[in-house]
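Quick note: the coordinates plus some simple rules give every number you see, no bench work behind them. Please read all numbers here as calculations on a predicted model, not as lab measurements. Here the Cβ positions follow ideal geometry from the backbone for every residue, glycine too, while neighbour counts run over all protein chains shown.
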Amino acid sequence: MTRLSELMATVGYLLLQWGFTEDTLLEAIDRLGTKAPSVPRLHDWKAAHVVASGNDPAHMSRVRQVMEKVEPARLMRNAVSHGLRSASANPFAEEEPCVVCRTAEGTSITYTQRDIEAQIASLERLRADLDGLTEAALRLKRLI
């Protein structure tokens, strides 16, 4: 029995976790010796890894895997941030609380509270992966 305010708190927590992820990306770009943009993009982070690792194939394979993991959260964050159209949570109904968003392509997508919570958990795990890859790239950089 979720109220609308609880659903929207979950949406806010998603945005907070994305902000933490962006901070992790900026820190990684800086640590790898590349000038970080004011708003990090995944391709900036990837480019920093290419330079720092000497484009090591095994390392870059891990970078691509992390980028694939972060993509669903990125798409959700963008849809919620830029295209939130409606939210629904009735504590007396059986339907799961959800938000409806417009995507960058102009289509509508519905995210349930469970969907949002899953992406929050994913972002929390991904930050550890980002940190681990940064450390690995720094070790490779010392070898080059």
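Structure data summary
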read-out	value
Net charge contributed by nearby residues that have their C-beta within less than 14 Å of residue 13 (K/R +1, D/E -1)	-2
Solvent-free Debye scattering, log10 I(q)/I(0), computed from the Cα coordinates of the range 66-144 at q = 0.15, 0.20, 0.25, 0.26 Å⁻¹	-0.64, -0.89, -1.13, -1.17
Prolate/oblate/rounded label for the range 1-61 (Cα gyration tensor, a/c 1.5)	prolate
Full-extension gain in nm, residue 2 to residue 20, via 0.36 nm per residue minus C-alpha separation	3.9 nm
Ratio Rg/Rh, restricted to the range 8-108 and using Cα atoms, in which Rh is the Kirkwood radius	1.10
